[in-house]
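Structure first, commentary second.
The values are calculated or read from the model by the stated rules, or taken from the named source; none is laboratory data. Remember, predicted model here, so these are calculated numbers, not experimental data. FYI the Cβ positions are ideal-geometry reconstructions off the backbone, even for glycines, and counts take in every protein chain you see.
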Amino acid sequence: MGLLYKILFEVKVLHEFYLTDTTGETIFDLAAQADRMAYLRKKFGSASENINSDIEFLVPENVQSMFANHRLKILTTYAGFKLGVEVKSITLPDGTITYEPKVPLPDDINIPILIVKKNSFIDIYSNWTLKKPLNLIYYFSNENSTGSKTFPFLAAEINSFDASKEYEQGELVKHGPSDFREFYRDDANAVQWISFTSGGFANDNDRLLLPTSFSYSFPAAANVTDALITIKDIDGNVIKDAFGNSISVFHFSTVERLTKVKMSIDPSRVFTVPNTSNNEKLLYSLSVTGNGGYSDQHKILFMDADINTKNSFGLINIYPKVTNAAFNLIDNSGKLITRKQPDGSINPLPPIFEIRLRSRLSFWRYINNKRKNIQNGLHPDFMVTKNGTLVSLVPRAVTYVPTLFRKTDNSLHYLPNPEPYSIIKIENDKIYSDITVRESDLFPLAP
């Protein structure tokens with residue numbers, strides 16, 4: 001009998017940048033996963049560009065032998081990948097065909113896949129925090145150890161609104177059970193929100209992974225000259241060496257302000273991912289206190305020391321059986337969730353997990369190519385005049401396909417879009433995409 005492989009699970013990386021249509025409708029407007037998968041098939045059929053142009057999915061070197069031993073194979077698909085496993089088929093008395101891994105998969109075995117950047121584009125168009133004191137990368141898992149998950153989404157819950165927090169443009173905030181919003185400040189610098197109905201989006205609660213040697217950057221405005229950085233385990237204890245000495249408290253002091261400081265933790269004294277099986281003790285806390293009232297806190301996971309995080313966007317870490325049974329790959333008898341029914345249909349299908357990513361929100365700013373002033377009062381439904389330029393009243397998601405503006409009567413209106421991978425500009429805590437335009441009927445010059 002020849003080898004028999006079946007799909008254990010699939011992951012789709014759904015990015016708003018690539019999955020938005022000209023009208024502004026996105027894949028996230030579709031409530032049913034079957035409809036979202038049909039949307040992707042249509043995109044694939046039309047050879048539309050997708051996230052795989054900018055990322056690839058790789059098995060970390062230190063687990064490649066485990067993949068070989070358990071007969072696991074990764075297959076790249078449109079906007080994601082599938083993971084196959086060698087199985088043997090078992091037919092039940094009613095004719096249902098089930099599949100059992102040829103080499104049993106322990107419930108808590110790690111199945112890690114690195115998301116590696118092919119270029120820097122995903123950093124440009126993805127919506128994530130710009131002020132990054134730690135170079136954290138994403139960690140996505142079907143287990144709840146880093147936060148509760150809702151099937152089929154691998155991201156943790158978005159944080160609820162905190163009136164004491166200073167938000168960045170585009171930051172995702174939860175205002176209610178199904179009330180999600182993105183933050184921005186308008187032309188008058190007043191706080192505004194853009195609502196979106198669907199959840200499950202990657203957010204700062206998923207940016208957790210850190211190498212055991214790392215740096216911390218202080219914001220210039222804080223003017224910190226004396227700081228204490230402390231790392232503690234899940235029980236609130238500092239990390240100690242074999243002799244009981246603390247190795248996770250770092251004090252930095254200088255005459256001039258601190259900019260970037262470097263630290264290192266002995267990897268043998270902490271739990272690391274994916275070397276450690278599923279364990280709540282993987283989660284650590286990092287706190288920073290400094291003179292002038294400076295304070296900062298982060299939840300972190302440490303990455304195995306032999307994994308290069310330099311070009312990594314994130315790590316996907318899947319377990320065969322987890323707390324939320326909806327995310328399981330294996331049933332209680334050790335067989336795959338998926339089955340072939342007597343009528344030939346496949347039900348249930350292999351689980352499809354989703355990683356949802358939102359696009360960068362930027363104000364679109366139209367600038368004359370000869371740096372002359374554009375006429376005042378143009379396109380008032382969407383634009384405000386600022387120093388001879390036109391700036392969108394509301395920040396817009398950057399997308400690969402040009403999108404149209406929508407008027408209050410729901411009709412669509414064309415204005416040029418930023419180039420797909422154009423560099424953003426940050427001015428006074430606002431993010432801009434500059435679009436150079438010629439004098440035309442759309443953009444006449446001021447008299």
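Let me spell it out: the conditions are (1) basic (Lys, Arg); (2) in contact with a Leu (Cβ under 9 Å, 6 or more places away or on another chain); (3) closer than 22 Å to ILE234 by Cα, and ARG269 meets all of them except one. Which number is the exception? With respect to (1) basic (Lys, Arg); (2) in contact with a Leu (Cβ under 9 Å, 6 or more places away or on another chain); (3) closer than 22 Å to ILE234 by Cα, ARG269 is out only on (2). ALA155 fulfils the conditions (1) within 29 Å of ASN317 (Cα to Cα); (2) modelled with pLDDT under 95; (3) not hydroxyl-bearing (Ser, Thr, Tyr) except for a single criterion, (2). Is it true that THR403 is over 34 Å from the mean Cα position of the chain (by Cα) and over 30 Å from ASN317 (Cα atoms)? Judged against the criteria, THR403 is not a match. When ALA326 is tested against (1) assigned to a loop (DSSP other than H, G, I, E, B); (2) in the same structural domain as ASP94 (by TED's automatic domain parsing); (3) surrounded by fewer than 21 Cβ atoms within 10 Å (Cβ to Cβ), just one condition goes unmet, and that condition is (1).
Scan the stretch 409-426 for residues that are in contact with a strand residue (DSSP E or B) (Cβ under 6 Å, 6 or more places away or on another chain), assigned to a strand (DSSP E or B) and closer than 21 Å to ARG185 by Cβ and the total you get is 1. Being more than 30 Å from LYS165 (Cα to Cα) and modelled with pLDDT of 95 or more is a property that holds for ILE318. When each of ILE122, ILE113, ILE158 is tested for being buried (at least 21 other Cβ atoms within 10 Å of the Cβ), in a loop (DSSP other than H, G, I, E, B) and among the aliphatic types (A, V, I, L, M), the lone residue that passes is ILE158. Return yes when PRO342 is assigned to a loop (DSSP other than H, G, I, E, B), surrounded by fewer than 18 Cβ atoms within 10 Å (Cβ to Cβ) and touching a residue at least 12 places away in the same chain (Cβ under 8 Å) and no when it is not. Judged against the criteria, PRO342 is a match. For the stretch 364-408, the tally of residues that are part of a loop (DSSP other than H, G, I, E, B) and among the aromatic types (Phe, Trp, Tyr) stands at 2.
Of the listed requirements (1) surrounded by fewer than 19 Cβ atoms within 10 Å (Cβ to Cβ); (2) under 27 Å from ILE352 (Cα atoms), TYR139 misses just one: (1).
Considered as a group, the residues in the stretch 386-427 that are hydroxyl-bearing (Ser, Thr, Tyr) and surrounded by fewer than 18 Cβ atoms within 10 Å (Cβ to Cβ) include one that is modelled with the lowest pLDDT, and that residue is THR408.
Identify the residue in the stretch 38-88 that is of a type in the set (A, V, I, L, M) and surrounded by fewer than 18 Cβ atoms within 10 Å (Cβ to Cβ) and, among all such residues, is nearest to TYR138 (Cα to Cα). Filtering first and then ranking leaves LEU58.
Yes or no, residue by residue, for (1) free of Cβ contacts under 8 Å to residues at least 40 places away in the same chain; (2) of a type outside the set (Phe, Trp, Tyr); (3) under 16 Å from PRO351 (Cβ atoms):
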{"site": "TYR5", "(1), (2), (3)": "no, no, no"}
{"site": "MET37", "(1), (2), (3)": "no, yes, yes"}
{"site": "ILE90", "(1), (2), (3)": "no, yes, no"}
{"site": "THR98", "(1), (2), (3)": "no, yes, yes"}
{"site": "ASP107", "(1), (2), (3)": "no, yes, yes"}
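Does SER53 count as at pLDDT below 95 and not basic (Lys, Arg)? Here the answer is no, as SER53 does not meet what is asked.
Summed over the stretch 271-292, residues that are at pLDDT below 95 and not in a helix (DSSP H, G or I) total 11.
Output the number of residues of the stretch 80-103 satisfying the condition of being closer than 19 Å to PHE9 by Cβ and either part of a strand (DSSP E or B) or in contact with a His (Cβ under 8 Å, 6 or more places away or on another chain) (or both).
16
When the residues of the stretch 293-307 are filtered to those that are touching a Pro at 6+ places or on another chain (Cβ under 9 Å) and part of a loop (DSSP other than H, G, I, E, B), the one that is nearest to VAL255 (Cα to Cα) is ALA305. Selection over the stretch 8-25 of residues that are surrounded by fewer than 22 Cβ atoms within 10 Å (Cβ to Cβ) and part of a strand (DSSP E or B) gives a count of 1.
In the stretch 175-195, is there at least one residue being out of contact with any Leu (no Cβ under 9 Å at 6 or more places or on another chain) and either within 20 Å of LYS12 (Cβ to Cβ) or buried (at least 21 other Cβ atoms within 10 Å of the Cβ) (or both)? No, the stretch 175-195 has no match at all. Within the stretch 18-54, the set of residues being hydrophobic (A, V, I, L, M, F, W, C) and touching a Gly at 6+ places or on another chain (Cβ under 9 Å) comprises PHE28, LEU40, ILE51.
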